[in-house]
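Take a look at the structure below.
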Amino acid sequence: MGAAYDGRHMASSRPVPKPVIDTNRCTGCGWCVPTCHLHLLSLERQGWEKFSVLSDMDACTGCKKCAVRCPFGAITMVAAAH
Ligand code: SF4
Ligand code: SF4
């Protein structure tokens, strides 16, 4: 009967939530950068501040490691509409 229970984590038919970085919260501490095993995050200077930036949204697997690591709650996982 039910195999329903293990399909949820990797459901490919659903949009994968991707990290959205709130620059109002991001302090540029850089903690999230090494958590991404695909090296998709980097600190970029914007004016006199630094923020974390996701370089390749499509490559991101949505693993959430960066969001969990951020001590300032600056990274929110958001499912894109398409
Ligand atoms: S861990 Fe959070 S606050 Fe630090 S650079 Fe990354 S997004 Fe910004
Ligand atoms: S969700 Fe995972 S793959 Fe995507 S940027 Fe964060 S750590 Fe990298």
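The values are calculated or read from the model by the stated rules, or taken from the named source; none is laboratory data. Computed from a predicted model, the values in this text were never measured in an experiment. In this analysis, Cβ positions are derived from the backbone assuming ideal geometry, glycine residues included, and neighbour counts consider all displayed protein chains.
Of note:
- Any hit, the stretch 46-64, residues being at pLDDT 95 or above, surrounded by 14 or more Cβ atoms within 10 Å (Cβ to Cβ), part of a loop (DSSP other than H, G, I, E, B) and over 13 Å from the mean Cα position of the chain (by Cα): no
- Members of the stretch 12-45 that are among the charged types (D, E, K, R), more than 11 Å from ligand 2 (Cβ to nearest atom) and either touching a residue at least 60 places away in the same chain (Cβ under 8 Å) or not in a loop (DSSP other than H, G, I, E, B) (or both): R14, E44, R45
- Members of the stretch 34-57 found to be more than 12 Å from ligand 1 (Cβ to nearest atom), over 13 Å from P17 (Cβ atoms) and in contact with a Lys or Arg (Cβ under 9 Å, 6 or more places away or on another chain), listed by number: H37
- Residues within the stretch 58-73 that are within 23 Å of V16 (Cβ to Cβ) and out of contact with any strand residue (DSSP E or B) (no Cβ under 6 Å at 6 or more places or on another chain), tallied: 9
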